[in-house]
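Values quoted throughout were computed directly from the atomic coordinates according to the rules given, and no laboratory measurement underlies them. In this text the structure is predicted, and so the values were computed from the model without any measurement. FYI the Cβ positions are ideal-geometry reconstructions off the backbone, even for glycines, and counts take in every protein chain you see.
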Amino acid sequence: MNQLVCVLMLGICVMQANSNPSISEGLGRPYLMECFEEAKTLVDDAYKYSRDESLSRVRREVVSPADILRLMKQPRGDSRSAVRSADYMAQTLRLLHDRVHRVHKRSLNATDLLPREDLEVLSKISGCAARVSDPSCRTIQNLDKYRTATSVCNNLMSPRLGASNTPFKRWLPAQYDDDVALPIGWERNRRFNNFVLPLVRDVSNRILASKDEGLVSDSEYTHILTLFGQWIDHDLTFTPFSPSLRSFSNGLNCDESCERSEPCFPIQIPPGDPRLPSGPDSCIPVFRSAPVCGTGYSEYNFGSVANKREQINTLTAFLDLGQVYGSEEKLAMDLRNLTSDAGLLRVNDKYKDNGRELLPFSPLHANMCATRRRVTNDSNAQEVPCFLGGDVRVDENIALTSLHTMFLREHNRLARELKKLNPWWDSETLYQEARKIMGAYNQVFIFRDYLPHIVGDEAMSMKLGRYPGYDPNVDPRIANVFSTAAYRFAHLAIQPMLTRLDENYQENASNPNVPLFKAFFSPWRVIFEGGIDPLIRGLVGNPAKLGTQENMLVDAVRERLFQFVEHLALDLGSLNMQRGRDHAIPRYNAWRKFCGLSQPSNQAELAEVLNNTGLATRLLQLYRTPSNIDVWMGGVAEPFVRGGRVGPLFSCLIANQFKNIRQGDRLWYENMGVFTPNQKKALSTANLARIICDNTGISRVPKDPFRLVNAENSLVHCSSIPRVRLSPWRERPREGPDEAGAGKEQQCGQRLNFTLEKPIACTFYLILIVFAGTNAILAAIAAEVIIMNVFFVSSFGQYIHTYIFITYELIHMFNSHTCPQILPTFLFNKLICKY
């Protein structure tokens with residue numbers, strides 16, 4: 001009945017839309033509401049079915065790798081609400097489009113049928129409007145002192161810039177098959193540069209495959225360099241899958257069919273695959289990444305032209321340790337110990353690691369971490385739930401779990417130390433101050449200790465050298481190409497074995513090394529097999545794998561990803577390329593051009609770029625032209641830059657991203673007013689080796705944990721590694737930091753970090769008095785007060801720009817009598833107080 005009503009009303013609406021706009025508007029709203037309710041029911045039912053089915057599958061005795069990956073990549077909390085809003089809008093407009101086509105045999109956009117006002121109503125009732133509107137920053141306490149969990153209001157002029165649950169940034173336009181939403185290669189026979197793209201699994205088989213026996217170990221860097229890269233990635237990017245198991249349009253189950261139908265984008269198996277059966281009914285199931293509100297075929301961008309589909313990043317764009325603290329308010333609160341006044345994070349209340357804290361268990365009732373009985377073949381073995389962390393991938397492998405555990409312990413250690421220094425601090429202050437220090441640690445480690453080993457000498461000096469200061473005009477958002485391709489370089493540096501070493505840095509006899517494919521989703525190994533100490537020793541005591549052109553992906557991630565039983569294991573290389581095509585990432589040569597690098601056009605030029613004729617030949621046998629190479633494949637194939645572990649293309653893209661993250665972060669630890677000078681000096685001495693010493697039972701560590709032990713980087717006793725001095729955080733009760741000038745810097749510097757604004761302001765007042773009169777001088781003084789109390793300005797140029805803009809707006813308001821006059825005495829008093 002609802003469909004009949006929709007079609008009848010739509011027919012009347014279309015016939016009269018051009019001749020009588022007022023009647024069109026009157027009929028558009030009821031029609032829209034009918035179709036929205038139907039779409040809402042469709043989406044809600046699909047979500048409920050998919051959620052129940054996904055949980056049911058991972059609670060079975062035997063869990064498939066695809067089911068584990070899908071559940072791990074499901075949006076949760078506010079992210080799920082954001083994705084649901086996008087689906088409400090998209091499905092409402094899809095129903096509109098389909099029914100118009102059936103009735104009138106022609107295609108019409110939503111805005112051909114409904115007035116703009118009704119589309120704005122749809123944006124509101126779907127929840128999309130709330131996703132793009134800027135929140136008020138005025139009600140957020142301590143905004144200049146502490147980060148919000150979501151990083152909303154980091155940029156005061158654009159409050160959602162860099163916040164969680166917002167779109168990735170496009171550095172180059174998306175190249176969808178239909179220029180709107182369909183993935184690259186959706187139509188299998190479509191030609192690009194006159195050639196059909198190869199199957200991603202075929203590329204994986206013929207280029208990426210390598211035997212574990214032939215791997216080359218890194219001669220300089222330890223395995224923790226690889227894991228720390230994954231640790232950083234889980235602070236910056238998470239792209240959820242579409243929550244629905246079935247196609248909204250035809251009900252197709254993505255797990256039961258190899259047909260391509262939104263959101264199903266399966267990986268086809270090529271003929272002669274060494275492991276998987278080929279044919280039309282054989283594929284690796286893949287779900288498309290969830291879209292952002294109002295992009296793709298929703299055709300709603302306050303006009304009638306379809307937007308290109310964009311993907312959502314559920315994490316913040318800042319190095320804020322979201323993987324420890326969470327990137328949503330509710331999760332952040334769930335991770336805290338609210339029964340204590342000490343500002344602590346929650347810990348496991350059932351198990352300890354040699355007396356030290358472990359992560360709490362997840363409340364999700366699922367069997368995805370119940371792998372012990374299957375792996376050990378012991379039907380009586382005790383199972384445990386998954387751990388809970390700030391990022392859902394906390395249990396992805398036990399080496400990553402050990403880093404999560406170590407940083408949780410460090411937060412709690414800091415909070416307890418700060419409590420000793422300042423016994424009157426309440427729980428909120430202790431939590432926020434410890435979190436703030438931890439975030440600074442992370443930033444120090446990444447820029448000083450990690451990135452130089454990755455992007456190389458030239459990129460560090462040209463793009464990531466001395467801190468230039470905060471710039472609110474820099475967009476810190478994570479680029480789609482960074483998340484989907486460039487920062488997946490470290491997959492080639494993964495060792496097939498996780499080593500566990502004893503106190504002498506020898507293989508642990510009681511808990512020997514673990515094959516990586518048996519270390520996925522195995523928190524029980526941390527609880528019952530020696531804790532995190534042997535794992536941390538293994539990470540700092542053994543080399544990373546060297547990602548050479550002859551030995552790219554180990555079998556653990558190419559043939560055994562998330563494999564616990566004889567089910568269809570996943571292929572990480574194929575998934576990387578398929579995800580790049582899903583996101584419509586431009587291909588190799590487009591990004592070489594973006595970075596100012598040469599663009600090879602034939603085999604000889606590609607061989608010169610790769611310094612490898614054989615590899616260039618094999619790539620062109622598949623892709624036929626360098627311009628068609630998937631950017632991830634091309635990037636990892638390049639030889640390393642000097643001093644780095646990526647090629648020129650990925651060095652450029654990674655350095656650009658971290659440059660933007662640092663410069664576009666108002667609360668970056670080096671920005672004036674975020675920490676006092678003495679606090680910054682103390683933070684500069686932070687050392688990952690000391691974090692290890694303070695939060696494990698390990699007594700000897702390499703001075704630089706990222707470098708292999710040698711004559712210059714020997715194992716040293718923890719007693720020789722200094723701790724960060726916390727005395728700069730000592731406060732006098734009710735007075736502020738016990739630092740010379742620290743209180744003034746934190747109170748004034750947070751608002752205005754420029755010392756020459758007084759003479760500039762006085763000159764500007766004088767000019768305004770002469771040329772514009774009383775209203776102008778009132779506006780100028782009001783602008784000064786507003787800047788002092790509302791805006792964060794960190795440079796002379798930003799001050800002048802903001803000052804003139806606000807003054808101009810206030811003059812207009814005063815002269816047009818659109819706001820009440822402000823008492824001059826009050827304004828002058830405020831101004832005098834500042835100076």
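For the stretch 416-433, 3J(HN,Hα) computed residue by residue from phi via the Karplus equation (6.51, -1.76, 1.60; θ = phi - 60°) reads 5, 5, 5, 5, 5, 5, 9, x, 7, 5, 7, 4, 5, 5, 4, 4, 5, 5 Hz, glycine and proline entered as x. Cross-link partners for residue 211 among the lysines, with Cα-Cα distance under 25 Å and sequence neighbours closer than 8 places in the same chain left out: 518, 545. Within the shell defined by Cβ-Cβ distances under 11 Å, the residues around residue 687 carry a net charge of +1, with Lys and Arg each +1 and Asp and Glu each -1.
Using a 10 Å cut-off on Cβ atoms, rank the peptides 353-363, 217-227, 87-97, 693-703 from the highest mean neighbour count down.
Values: 353-363: 16.8, 217-227: 20.8, 87-97: 24.5, 693-703: 19.2.
Final packing ranking: 87-97, 217-227, 693-703, 353-363.
When the square roots of the Cα gyration tensor eigenvalues are ordered a ≥ b ≥ c, the ratio a/c for the stretch 149-284 is 1.5 or more and a/b does not exceed b/c, which makes its shape oblate. Here the 3J(HN,Hα) profile of the stretch 219-233, calculated from phi with Karplus coefficients 6.51, -1.76 and 1.60 at θ = phi - 60°, is 8, 10, 10, 8, 5, 5, 4, 5, 5, 5, x, 5, 4, 5, 4 Hz, Gly and Pro shown as x.
Scanning residues 5 or more positions from residue 353 or on other chains, those with amide H under 5 Å from its amide H are 358, with H placed 1.01 Å from N in the peptide plane. Here the Karplus curve 6.51 cos²θ - 1.76 cosθ + 1.60, taken at θ = phi - 60°, turns the phi angles of the stretch 332-343 into couplings of 4, 5, 5, 7, 8, 8, 8, 8, 10, 9, 9, x Hz, with x standing for Gly and Pro.
Based only on the alpha carbon positions, what is the Kirkwood hydrodynamic radius of the stretch 334-417, in angstrom?
Working: mean 1/r = 0.0718 Å⁻¹.
Averaging 1/r across every pair of different Cα atoms and inverting gives 13.9 Å.
Computed from label points 7 Å out along Cα-Cβ, the spacing between residue 714 and residue 601 is 5.9 nm.
Partner aspartates and glutamates whose Cα lies under 12 Å from the Cα of residue 680, excluding those fewer than 8 positions away in the same chain, are identified as 670. Taking amide H positions as modeled 1.01 Å from N, with prolines and chain starts lacking one, the residues under 5 Å from residue 217 and 5 or more places away or on another chain are 546.
Residues whose amide H comes within less than 5 Å of that of residue 731, counting only those at least five positions distant or on another chain, are 738 (H built at 1.01 Å from N in the peptide plane).
Pairs exceeding a 32 Å alpha-carbon distance, out of 73/352; 40/145; 352/681: 40/145; 352/681.
When the chain is fully extended, how far beyond the present Cα-Cα distance does residue 130 get from residue 329, taking 0.36 nm per residue of separation? Numbers along the way, then the final one.
Values: separation 199, 0.36 × 199 = 71.64 nm, distance 1.64 nm.
Roughly 70.0 nm would be gained on extension.
FRET efficiency for the residue 685 to residue 730 pair, using the beta carbon distance and R₀ = 30 Å, is estimated at 0.95. Taking label points 7 Å from Cα along the Cα-to-Cβ direction, residue 249 and residue 621 give a separation of 3.7 nm.
Among rounded, prolate and oblate, which fits the stretch 363-407 when a ≥ b ≥ c are the square roots of the eigenvalues of its C-alpha gyration tensor, a/c under 1.5 means rounded, and a/b larger than b/c means prolate? Walk me through the numbers before you get to the answer.
Details: a/c = 2.75, a/b = 1.74, b/c = 1.58.
It is prolate, given that a/c is not under 1.5 and a/b is the larger ratio.
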